[in-house]
Amino acid sequence: MRFVVLLATWMACFAALAQSPHRELYLYRGADRDQRLLAGAQKEKRAIVYTSLNLKDSVPIVQAFEKKYGVKIDLWRSSSEKVLQRALTEARAGRFAVDGFELNGPEMEALYREGLLEEFWSPQLVNIPAQAIPKHRHYVADRLNFFTIAWNTKAVKPSEVPNSYEDLLNPRWVGKLGLEASEVDWFGSMVKSMGEAKGLEFFRKLAQMKPQIRTGHTLMGELVASGEIPLAASIYNHNAERLVATGAPIKWKALTPTFGRPNAVAVAKRAERPYAALLFADFMLSLEGQRLIKERNRVPASNKVDSNLNDFPYQMIDPAVVIDEADKWESLWSQIFLRGTAVKRERE
């Protein structure tokens with residue numbers, strides 16, 4: 001077993017070090033970059049992109065890209081974990097059909113470690129905060145998922161709305177809290193931020209509040225809006241905001257510390273259509289692309305696109321730490337909240 005693990009690690013490292021046939025293009029900064037990129041993409045005519053962004057949101061963005069550039073994007077959409085699994089399976093079979101990715105940060109980090117991504121440069125990076133770009137620069141956050149609380153405005157009085165995480169431990173919330181079943185990376189980040197001993201003590205007390213555990217952030221928002229769960233201890237704020245826009249009796253609030261999980265865009269190291277892949281990454285990071293993300297009630301990563309969905313201090317969850325410490329935090333989360341059962345994710 002040890003040999004197999006070492007061999008797998010060596011193979012991943014070898015793949016990561018292998019030279020990309022498109023590295024020069026991906027890092028090109030010449031004055032004619034934009035013209036060269038567009039000409040190459042239009043010659044390629046299309047790109048295949050694997051994404052975790054639901055089709056209701058991803059299709060309108062892709063349609064805007066296609067209309068602007070005359071280059072078709074063929075989307076394959078699934079959860080981030082399934083996208084990762086498909087990409088790895090294809091690569092190990094010697095197939096490199098995919099040109100670009102747009103998916104969750106931890107899965108993107110896994111693709112990087114497997115050597116399937118390549119570092120790229122874009123003039124759009126000037127508007128992306130430094131914490132949204134990993135040091136290896138093989139993917140860049142284009143949107144963020146923030147973990148906040150949310151409550152039903154008919155079931156929770158304004159004076160009862162928590163102002164801190166400690167307020168979630170008020171006896172009034174026993175049996176009335178909701179908690180998404182797969183919040184492992186949020187949990188780990190929170191515990192580390194609080195200090196491990198204090199953080200674990202807090203979450204064990206939170207478990208004593210008998211929270212209702214549900215799988216899916218969208219579902220959690222709907223349950224809060226319906227009043228079935230009066231207060232969610234963790235929810236993506238954009239899911240709550242979408243319900244606010246429909247007139248549902250729900251509000252959300254960012255507590256300190258607020259953590260954001262990055263969703264990112266990347267180009268494939270062995271892309272068959274590298275020009276179109278890079279053009280798509282440019283578009284997703286551009287002000288136009290970022291505004292389209294905002295129009296979908298998502299949280300754009302750009303500093304230049306104003307949104308009430310990120311108008312508060314926040315910290316970024318590090319995808320590398322999520323992967324490196326996954327076993328530890330999954331085990332603790334399972335023990336505290338899931339009675340020792342395995343974590344089931346429903347992640348974009």
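Run down Leu223, Leu144, Leu200 and say which single residue is in contact (Cβ under 8 Å) with a residue 12 or more places away in the chain, within 25 Å of the chain's Cα centre (by Cα) and closer than 29 Å to Ser302 by Cβ. Don't jump to the end; show me each part of the working.
On the way: Leu223 fails: closer than 29 Å to Ser302 by Cβ; Leu200 fails: closer than 29 Å to Ser302 by Cβ.
Being in contact (Cβ under 8 Å) with a residue 12 or more places away in the chain, within 25 Å of the chain's Cα centre (by Cα) and closer than 29 Å to Ser302 by Cβ holds for just one of Leu223, Leu144, Leu200, which is Leu144.
Which condition number in (1) at pLDDT 95 or above; (2) under 15 Å from Phe146 (Cβ atoms); (3) among the small types (Gly, Ala, Ser) is the one that Gly289 fails?
Checking Gly289 against (1) at pLDDT 95 or above; (2) under 15 Å from Phe146 (Cβ atoms); (3) among the small types (Gly, Ala, Ser), the one that fails is (2).
Name the helices (runs of 4 or more DSSP H) wholly within segment 250-348 that hold at least 1 residues that are in the same structural domain as Ile48 (by TED's automatic domain parsing) and in contact with a Leu (Cβ under 6 Å, 6 or more places away or on another chain)?
274-285
Would you confirm whether any residue within segment 233-241 is assigned by TED's automatic domain parsing to the domain that holds Ser78 and either in a loop (DSSP other than H, G, I, E, B) or more than 21 Å from Asp142 (Cβ to Cβ) (or both)?
Taking segment 233-241 and keeping what is assigned by TED's automatic domain parsing to the domain that holds Ser78, we get none.
Checked segment 233-241: no residue is assigned by TED's automatic domain parsing to the domain that holds Ser78 and either in a loop (DSSP other than H, G, I, E, B) or more than 21 Å from Asp142 (Cβ to Cβ) (or both).
Name every residue in segment 142-176 that is touching a strand residue (DSSP E or B) at 6+ places or on another chain (Cβ under 7 Å), part of a loop (DSSP other than H, G, I, E, B) and not charged (D, E, K, R), in order of residue number. Working first, answer last.
So in segment 142-176, the residues touching a strand residue (DSSP E or B) at 6+ places or on another chain (Cβ under 7 Å) come out as 142-153, 156, 161-162, 168, 173, 176.
Okay, now just the ones that are also part of a loop (DSSP other than H, G, I, E, B), so 153, 156, 161-162, 176.
Of everything in segment 142-176, those that are touching a strand residue (DSSP E or B) at 6+ places or on another chain (Cβ under 7 Å), part of a loop (DSSP other than H, G, I, E, B) and not charged (D, E, K, R) turn out to be Thr153, Val156, Val161, Pro162.
What is the residue count in segment 32-55 for residues that are closer than 19 Å to Val98 by Cβ and assigned to a loop (DSSP other than H, G, I, E, B)?
Residues that pass the stated criteria total 4.
Going by the structure shown, is Ala254 modelled with pLDDT of 95 or more and farther than 19 Å from Glu183 by Cα?
Criteria not met by Ala254.
In the list Val62, Val126, Val83, which residue meets the criterion of being farther than 27 Å from Asp324 by Cα, crowded, with 19+ Cβ neighbours inside 10 Å and out of contact with any His (no Cβ under 8 Å at 6 or more places or on another chain)? It would help to see each step written out before you state the result.
Numbers: Val126 fails: crowded, with 19+ Cβ neighbours inside 10 Å; Val83 fails: farther than 27 Å from Asp324 by Cα.
On inspection, the qualifying residue turns out to be Val62.
The values are calculated or read from the model by the stated rules, or taken from the named source; none is laboratory data. On a predicted model such as this, the values are computed, not experimentally measured, just so you know. Cβ sites come from the backbone with ideal geometry, for glycine too, and all protein chains shown count toward neighbours.
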